[in-house]
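Comments concern the structure below.
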Amino acid sequence: GYLRLGRYGYTPERGAAFVEELLERLRQNGANESVSMMQSLGGAVAGVPLNVDGLPVELPSGVRYLAVDETYFSTIGLPIVSGRGFGRSDAGGGSVAVLSESLARLISNDGDALGHQIADASSFRRIAMGEAAVNLEVVGVVPDLIISVNATEPLVVYQPVVQRPDLGAEFALRAAGDAGAAIRETMATVRAQDPRVAVEALITVDEQLARQMNPQRFGIYVLGGLGGIALLLTVLGTYVIAESMVVRRRRELGIRAALGARSAQLRRLVLRDTARLVGIGLIAGLALAVAGARLIRSLLYQVEPLDPLVLVTAAALIFGLALLVSLRAALAATRVDLTRSLREE
(Lines give C-alpha, C1' and ligand atoms only; values in the text may rest on other atoms or scores of the structure.)
Protein backbone atom coordinates (compact mmCIF):
# COMPACT_ATOMS: atom_id res chain seq x y z
CA GLY A 1 0.00 0.00 0.00
CA TYR A 2 1.03 3.63 -0.54
CA LEU A 3 0.59 6.71 1.62
CA ARG A 4 0.90 10.20 0.10
CA LEU A 5 0.86 12.52 3.10
CA GLY A 6 2.06 15.67 1.35
CA ARG A 7 -1.30 16.17 -0.35
CA TYR A 8 -2.99 16.28 3.05
CA GLY A 9 -0.92 19.20 4.35
CA TYR A 10 1.51 17.21 6.47
CA THR A 11 4.89 18.74 7.26
CA PRO A 12 7.97 16.48 7.11
CA GLU A 13 8.05 16.20 10.90
CA ARG A 14 4.35 15.37 11.22
CA GLY A 15 4.56 12.97 8.28
CA ALA A 16 7.41 10.98 9.83
CA ALA A 17 5.52 10.77 13.11
CA PHE A 18 2.36 9.66 11.31
CA VAL A 19 4.19 6.85 9.51
CA GLU A 20 5.89 5.69 12.72
CA GLU A 21 2.60 5.59 14.63
CA LEU A 22 0.74 3.87 11.79
CA LEU A 23 3.34 1.10 11.48
CA GLU A 24 3.13 0.47 15.21
CA ARG A 25 -0.69 0.27 15.09
CA LEU A 26 -0.63 -2.10 12.15
CA ARG A 27 1.86 -4.39 13.87
CA GLN A 28 -0.37 -4.56 16.93
CA ASN A 29 -3.44 -5.41 14.86
CA GLY A 30 -4.24 -9.10 15.09
CA ALA A 31 -5.25 -9.25 11.41
CA ASN A 32 -1.62 -8.74 10.41
CA GLU A 33 1.07 -11.32 10.98
CA SER A 34 3.84 -8.95 9.91
CA VAL A 35 4.17 -5.39 8.60
CA SER A 36 7.20 -3.89 6.86
CA MET A 37 8.10 -0.61 5.25
CA MET A 38 9.91 0.00 1.99
CA GLN A 39 10.99 2.91 -0.18
CA SER A 40 11.59 2.92 -3.91
CA LEU A 41 15.00 4.46 -4.63
CA GLY A 42 14.69 4.41 -8.40
CA GLY A 43 17.22 2.58 -10.50
CA ALA A 44 18.56 2.40 -14.02
CA VAL A 45 17.04 1.36 -17.32
CA ALA A 46 18.45 -1.34 -19.55
CA GLY A 47 21.68 -0.31 -21.25
CA VAL A 48 23.02 1.73 -18.32
CA PRO A 49 26.00 -0.17 -16.88
CA LEU A 50 26.07 -1.11 -13.21
CA ASN A 51 29.27 -0.44 -11.28
CA VAL A 52 30.46 -3.73 -9.73
CA ASP A 53 33.80 -3.88 -7.92
CA GLY A 54 34.73 -0.59 -9.58
CA LEU A 55 34.03 -1.83 -13.12
CA PRO A 56 30.98 -1.16 -15.34
CA VAL A 57 28.88 -4.26 -16.04
CA GLU A 58 26.32 -4.38 -18.84
CA LEU A 59 23.02 -5.99 -17.79
CA PRO A 60 20.20 -7.34 -19.97
CA SER A 61 17.50 -5.31 -18.20
CA GLY A 62 17.05 -2.42 -15.81
CA VAL A 63 18.03 -2.49 -12.15
CA ARG A 64 15.62 -1.50 -9.39
CA TYR A 65 16.73 -0.23 -5.97
CA LEU A 66 14.51 -0.72 -2.95
CA ALA A 67 15.14 0.35 0.65
CA VAL A 68 13.54 -2.05 3.14
CA ASP A 69 13.46 -2.59 6.89
CA GLU A 70 14.82 -5.62 8.70
CA THR A 71 11.51 -7.53 8.64
CA TYR A 72 10.74 -7.02 4.94
CA PHE A 73 12.05 -10.35 3.62
CA SER A 74 10.11 -12.41 6.17
CA THR A 75 6.97 -10.34 5.57
CA ILE A 76 7.07 -10.74 1.81
CA GLY A 77 8.07 -14.40 2.06
CA LEU A 78 11.61 -14.28 0.66
CA PRO A 79 13.98 -16.69 2.43
CA ILE A 80 17.67 -15.84 2.56
CA VAL A 81 19.33 -18.03 -0.08
CA SER A 82 22.87 -17.20 1.02
CA GLY A 83 24.50 -14.78 3.42
CA ARG A 84 22.22 -12.79 5.72
CA GLY A 85 19.42 -10.27 5.70
CA PHE A 86 19.37 -6.85 7.35
CA GLY A 87 19.62 -6.24 11.06
CA ARG A 88 18.83 -3.23 13.22
CA SER A 89 22.47 -2.16 13.09
CA ASP A 90 22.24 -1.80 9.30
CA ALA A 91 19.51 0.83 9.67
CA GLY A 92 22.09 3.19 11.15
CA GLY A 93 23.63 3.75 7.76
CA GLY A 94 25.47 0.52 7.08
CA SER A 95 26.62 0.29 3.47
CA VAL A 96 25.36 -3.21 2.72
CA ALA A 97 23.04 -4.71 0.13
CA VAL A 98 21.01 -7.84 -0.53
CA LEU A 99 20.51 -8.88 -4.16
CA SER A 100 17.85 -10.80 -6.05
CA GLU A 101 19.07 -14.16 -7.32
CA SER A 102 19.04 -13.09 -10.97
CA LEU A 103 21.22 -10.06 -10.30
CA ALA A 104 23.56 -12.04 -8.03
CA ARG A 105 24.00 -14.64 -10.76
CA LEU A 106 24.85 -11.99 -13.36
CA ILE A 107 27.41 -10.02 -11.37
CA SER A 108 29.22 -13.15 -10.16
CA ASN A 109 29.06 -15.16 -13.40
CA ASP A 110 27.03 -17.88 -11.63
CA GLY A 111 29.45 -17.84 -8.71
CA ASP A 112 29.16 -16.44 -5.18
CA ALA A 113 28.01 -12.81 -5.12
CA LEU A 114 28.75 -12.31 -1.42
CA GLY A 115 31.49 -9.80 -0.75
CA HIS A 116 31.22 -8.02 -4.08
CA GLN A 117 30.96 -4.25 -4.08
CA ILE A 118 27.97 -2.83 -5.97
CA ALA A 119 27.07 0.82 -6.59
CA ASP A 120 24.15 2.26 -4.63
CA ALA A 121 21.10 4.01 -6.10
CA SER A 122 22.68 7.47 -6.06
CA SER A 123 25.77 6.36 -7.98
CA PHE A 124 24.18 6.61 -11.42
CA ARG A 125 23.74 10.34 -10.92
CA ARG A 126 27.16 10.65 -9.29
CA ILE A 127 28.94 8.89 -12.15
CA ALA A 128 27.08 11.02 -14.71
CA MET A 129 28.36 14.12 -12.88
CA GLY A 130 31.93 12.80 -12.79
CA GLU A 131 31.85 11.90 -9.11
CA ALA A 132 32.86 8.65 -7.46
CA ALA A 133 30.27 5.91 -6.91
CA VAL A 134 29.13 4.94 -3.42
CA ASN A 135 29.56 1.20 -3.01
CA LEU A 136 27.54 -1.33 -1.04
CA GLU A 137 28.89 -4.68 0.12
CA VAL A 138 26.72 -7.64 -0.89
CA VAL A 139 25.86 -9.52 2.30
CA GLY A 140 22.92 -11.66 1.15
CA VAL A 141 20.90 -13.09 -1.72
CA VAL A 142 17.14 -13.68 -1.83
CA PRO A 143 14.89 -15.33 -4.47
CA ASP A 144 13.46 -13.23 -7.29
CA LEU A 145 10.20 -11.54 -6.35
CA ILE A 146 8.02 -11.35 -9.46
CA ILE A 147 5.57 -8.46 -9.16
CA SER A 148 5.33 -7.77 -12.87
CA VAL A 149 4.54 -10.22 -15.65
CA ASN A 150 6.96 -8.26 -17.86
CA ALA A 151 9.94 -8.92 -15.58
CA THR A 152 10.30 -12.64 -14.95
CA GLU A 153 13.92 -12.26 -13.81
CA PRO A 154 13.89 -8.97 -11.88
CA LEU A 155 17.24 -7.36 -11.06
CA VAL A 156 16.82 -5.81 -7.63
CA VAL A 157 19.22 -4.27 -5.13
CA TYR A 158 17.83 -4.10 -1.58
CA GLN A 159 19.30 -1.53 0.78
CA PRO A 160 18.42 -1.04 4.44
CA VAL A 161 16.06 1.82 5.30
CA VAL A 162 18.20 4.51 6.85
CA GLN A 163 15.41 6.81 7.97
CA ARG A 164 11.63 6.89 7.98
CA PRO A 165 9.97 8.74 5.09
CA ASP A 166 8.50 12.07 6.02
CA LEU A 167 5.74 12.70 3.45
CA GLY A 168 4.68 9.20 2.49
CA ALA A 169 5.37 5.53 2.81
CA GLU A 170 5.06 2.24 1.05
CA PHE A 171 4.43 -0.81 3.16
CA ALA A 172 3.83 -4.55 2.82
CA LEU A 173 1.64 -6.68 5.04
CA ARG A 174 1.38 -10.43 5.61
CA ALA A 175 -2.13 -11.33 6.71
CA ALA A 176 -2.58 -13.59 9.72
CA GLY A 177 -5.67 -15.07 8.10
CA ASP A 178 -7.98 -13.81 5.39
CA ALA A 179 -6.27 -11.23 3.14
CA GLY A 180 -9.53 -9.34 2.61
CA ALA A 181 -10.02 -8.96 6.35
CA ALA A 182 -6.45 -7.68 6.75
CA ILE A 183 -7.02 -5.08 4.03
CA ARG A 184 -10.23 -3.88 5.68
CA GLU A 185 -8.52 -3.68 9.07
CA THR A 186 -5.65 -1.70 7.56
CA MET A 187 -8.01 0.80 5.94
CA ALA A 188 -9.88 1.19 9.23
CA THR A 189 -6.62 1.76 11.10
CA VAL A 190 -5.57 4.53 8.73
CA ARG A 191 -9.00 6.22 8.92
CA ALA A 192 -8.94 6.02 12.71
CA GLN A 193 -5.60 7.83 12.75
CA ASP A 194 -6.66 10.47 10.20
CA PRO A 195 -10.00 10.19 8.31
CA ARG A 196 -8.63 12.30 5.44
CA VAL A 197 -5.78 9.97 4.54
CA ALA A 198 -6.44 7.19 2.02
CA VAL A 199 -4.25 4.19 1.29
CA GLU A 200 -3.51 3.65 -2.41
CA ALA A 201 -3.05 0.33 -4.24
CA LEU A 202 -3.68 -1.88 -1.22
CA ILE A 203 -4.15 -5.21 -2.98
CA THR A 204 -2.68 -8.69 -2.75
CA VAL A 205 0.24 -9.78 -4.92
CA ASP A 206 -2.03 -12.30 -6.68
CA GLU A 207 -4.53 -9.53 -7.52
CA GLN A 208 -1.74 -7.33 -8.82
CA LEU A 209 -0.46 -10.06 -11.13
CA ALA A 210 -4.00 -10.94 -12.22
CA ARG A 211 -4.62 -7.35 -13.32
CA GLN A 212 -1.39 -7.33 -15.29
CA MET A 213 -2.44 -10.58 -16.96
CA ASN A 214 -5.65 -9.11 -18.44
CA PRO A 215 -4.11 -8.39 -21.88
CA GLN A 216 -2.55 -11.87 -21.99
CA ARG A 217 -5.82 -13.41 -20.82
CA PHE A 218 -7.70 -11.62 -23.61
CA GLY A 219 -5.13 -12.94 -26.08
CA ILE A 220 -5.69 -16.47 -24.77
CA TYR A 221 -9.45 -16.10 -25.30
CA VAL A 222 -8.88 -14.87 -28.86
CA LEU A 223 -6.48 -17.72 -29.63
CA GLY A 224 -8.89 -20.19 -28.07
CA GLY A 225 -11.69 -18.87 -30.28
CA LEU A 226 -9.50 -19.15 -33.37
CA GLY A 227 -8.57 -22.69 -32.35
CA GLY A 228 -12.26 -23.57 -32.04
CA ILE A 229 -12.94 -22.17 -35.51
CA ALA A 230 -10.00 -24.15 -36.89
CA LEU A 231 -11.37 -27.33 -35.29
CA LEU A 232 -14.82 -26.68 -36.77
CA LEU A 233 -13.36 -26.14 -40.24
CA THR A 234 -11.33 -29.35 -39.87
CA VAL A 235 -14.42 -31.36 -38.97
CA LEU A 236 -16.48 -29.85 -41.78
CA GLY A 237 -13.65 -30.47 -44.26
CA THR A 238 -13.43 -34.09 -43.18
CA TYR A 239 -17.17 -34.51 -43.65
CA VAL A 240 -17.04 -33.05 -47.17
CA ILE A 241 -14.09 -35.28 -48.10
CA ALA A 242 -15.83 -38.41 -46.81
CA GLU A 243 -19.03 -37.56 -48.68
CA SER A 244 -17.19 -36.83 -51.93
CA MET A 245 -15.24 -40.08 -51.52
CA VAL A 246 -18.47 -42.07 -51.37
CA VAL A 247 -19.81 -40.24 -54.46
CA ARG A 248 -16.62 -40.88 -56.46
CA ARG A 249 -16.50 -44.55 -55.48
CA ARG A 250 -20.22 -45.24 -55.81
CA ARG A 251 -19.70 -47.69 -58.68
CA GLU A 252 -16.97 -49.55 -56.82
CA LEU A 253 -19.08 -49.75 -53.69
CA GLY A 254 -22.07 -50.96 -55.68
CA ILE A 255 -20.02 -53.70 -57.30
CA ARG A 256 -18.62 -54.76 -53.90
CA ALA A 257 -22.16 -54.94 -52.58
CA ALA A 258 -23.29 -56.99 -55.56
CA LEU A 259 -20.40 -59.39 -55.03
CA GLY A 260 -21.52 -60.03 -51.48
CA ALA A 261 -19.76 -57.37 -49.42
CA ARG A 262 -21.67 -56.79 -46.20
CA SER A 263 -22.73 -53.36 -44.98
CA ALA A 264 -20.18 -53.43 -42.15
CA GLN A 265 -17.39 -54.05 -44.65
CA LEU A 266 -18.44 -51.06 -46.78
CA ARG A 267 -18.58 -48.82 -43.68
CA ARG A 268 -15.13 -49.95 -42.59
CA LEU A 269 -13.80 -49.19 -46.06
CA VAL A 270 -15.03 -45.58 -45.96
CA LEU A 271 -13.88 -45.07 -42.36
CA ARG A 272 -10.47 -46.58 -43.10
CA ASP A 273 -9.85 -44.24 -46.04
CA THR A 274 -11.00 -41.24 -43.98
CA ALA A 275 -8.78 -42.26 -41.07
CA ARG A 276 -5.78 -42.54 -43.38
CA LEU A 277 -6.26 -39.01 -44.74
CA VAL A 278 -6.82 -37.53 -41.28
CA GLY A 279 -3.81 -39.43 -39.91
CA ILE A 280 -1.53 -38.03 -42.60
CA GLY A 281 -2.76 -34.52 -41.80
CA LEU A 282 -2.23 -35.01 -38.06
CA ILE A 283 1.32 -36.30 -38.56
CA ALA A 284 2.14 -33.26 -40.70
CA GLY A 285 0.54 -30.95 -38.13
CA LEU A 286 2.47 -32.47 -35.23
CA ALA A 287 5.73 -32.15 -37.18
CA LEU A 288 5.01 -28.44 -37.76
CA ALA A 289 4.17 -28.02 -34.06
CA VAL A 290 7.51 -29.51 -33.03
CA ALA A 291 9.36 -27.30 -35.52
CA GLY A 292 7.51 -24.17 -34.41
CA ALA A 293 8.13 -24.83 -30.70
CA ARG A 294 11.64 -23.42 -31.03
CA LEU A 295 10.25 -20.13 -32.31
CA ILE A 296 7.97 -19.53 -29.31
CA ARG A 297 10.24 -20.90 -26.57
CA SER A 298 11.65 -17.42 -25.82
CA LEU A 299 8.12 -16.05 -25.31
CA LEU A 300 7.22 -18.49 -22.53
CA TYR A 301 8.03 -18.44 -18.82
CA GLN A 302 8.28 -21.67 -16.81
CA VAL A 303 6.22 -23.41 -19.50
CA GLU A 304 7.51 -25.88 -22.05
CA PRO A 305 6.35 -25.20 -25.62
CA LEU A 306 5.85 -28.93 -26.20
CA ASP A 307 3.51 -30.73 -23.82
CA PRO A 308 3.11 -34.36 -24.97
CA LEU A 309 -0.17 -34.79 -23.08
CA VAL A 310 -1.71 -31.71 -24.73
CA LEU A 311 -0.53 -32.72 -28.18
CA VAL A 312 -1.81 -36.30 -27.85
CA THR A 313 -5.14 -35.12 -26.44
CA ALA A 314 -5.65 -32.58 -29.24
CA ALA A 315 -4.71 -35.12 -31.91
CA ALA A 316 -7.05 -37.73 -30.42
CA LEU A 317 -9.90 -35.19 -30.26
CA ILE A 318 -9.47 -34.20 -33.90
CA PHE A 319 -9.15 -37.81 -35.02
CA GLY A 320 -12.23 -38.88 -33.07
CA LEU A 321 -14.40 -36.02 -34.34
CA ALA A 322 -13.25 -36.64 -37.92
CA LEU A 323 -14.32 -40.29 -37.75
CA LEU A 324 -17.57 -39.34 -36.06
CA VAL A 325 -18.65 -36.94 -38.81
CA SER A 326 -17.60 -39.43 -41.50
CA LEU A 327 -20.07 -41.99 -40.11
CA ARG A 328 -22.88 -40.45 -42.16
CA ALA A 329 -20.91 -40.99 -45.35
CA ALA A 330 -20.08 -44.53 -44.22
CA LEU A 331 -23.77 -45.25 -43.64
CA ALA A 332 -24.58 -43.82 -47.07
CA ALA A 333 -22.12 -46.29 -48.60
CA THR A 334 -24.28 -49.21 -47.39
CA ARG A 335 -27.28 -47.91 -49.32
CA VAL A 336 -25.61 -47.81 -52.76
CA ASP A 337 -27.90 -48.85 -55.66
CA LEU A 338 -25.84 -50.96 -58.10
CA THR A 339 -28.21 -50.46 -61.07
CA ARG A 340 -28.25 -46.69 -60.61
CA SER A 341 -24.46 -46.58 -60.18
CA LEU A 342 -23.84 -48.48 -63.44
CA ARG A 343 -26.40 -46.34 -65.30
CA GLU A 344 -24.67 -43.13 -64.13
CA GLU A 345 -21.31 -44.50 -65.23
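The values are calculated or read from the model by the stated rules, or taken from the named source; none is laboratory data. On a predicted model such as this, the values are computed, not experimentally measured, just so you know. When we count neighbours, we look across all protein chains shown, and the Cβ atoms used for this are built from the backbone with ideal geometry, even at glycine. Surface areas here come from the heavy atoms of the whole protein model, side chains and all, with no ligands, DNA or RNA. Shrake-Rupley method; radii C 1.70, N 1.55, O 1.52, S 1.80 Å.
Residue by residue, here is whether (1) in contact with a helix residue (DSSP H, G or I) (Cβ under 8 Å, 6 or more places away or on another chain); (2) β-branched (Val, Ile, Thr); (3) without any contact (Cβ under 8 Å) to a residue 60 or more places away in the chain holds:
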{"position": "23", "(1), (2), (3)": "no, no, no"}
{"position": "36", "(1), (2), (3)": "yes, no, no"}
{"position": "45", "(1), (2), (3)": "no, yes, yes"}
{"position": "49", "(1), (2), (3)": "no, no, yes"}
{"position": "57", "(1), (2), (3)": "yes, yes, yes"}
{"position": "83", "(1), (2), (3)": "no, no, yes"}
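Can you confirm whether residue 70 is under 18 Å from residue 161 (Cα atoms), in a strand (DSSP E or B) and not aliphatic (A, V, I, L, M)? No; evaluated as a whole, the condition is false for this residue. Note on the range 52-68: residues that are open to solvent by 20 Å² or more (accessible area, probe 1.4 Å) and in contact with a His (Cβ under 8 Å, 6 or more places away or on another chain) total 1.
Selection over the range 29-67 of residues that are in a strand (DSSP E or B) and either in contact with a Lys or Arg (Cβ under 7 Å, 6 or more places away or on another chain) or not small (Gly, Ala, Ser) (or both) gives a count of 19.
Residue 297 is checked against (1) surrounded by 12 or more Cβ atoms within 10 Å (Cβ to Cβ); (2) charged (D, E, K, R); (3) modelled with pLDDT of 75 or more and fails just one. What number does that condition carry? For residue 297, the failing item is (3). Residue 64 meets each of the listed conditions (1) within 13 Å of residue 159 (Cα to Cα); (2) free of Cβ contacts under 8 Å to residues at least 60 places away in the same chain; (3) in contact with a Gly (Cβ under 6 Å, 6 or more places away or on another chain) apart from (2). Within the range 126-140, the set of residues being among the charged types (D, E, K, R) and over 33 Å from the mean Cα position of the chain (by Cα) comprises 126, 131.
Across the range 101-151, the qualifying residues are those that are more than 30 Å from residue 210 (Cβ to Cβ) and assigned to a helix (DSSP H, G or I), and the one among them that is least open to solvent (accessible area, probe 1.4 Å) is 123. When 345, 243 are screened for being touching a helix residue (DSSP H, G or I) at 6+ places or on another chain (Cβ under 7 Å), farther than 24 Å from residue 220 by Cβ and modelled with pLDDT of 70 or more, only 243 passes.
Among residues of the range 26-48 being farther than 30 Å from residue 103 by Cα and either touching a strand residue (DSSP E or B) at 6+ places or on another chain (Cβ under 9 Å) or aromatic (Phe, Trp, Tyr) (or both), the one that is surrounded by the fewest Cβ atoms within 10 Å (Cβ to Cβ) is 27.
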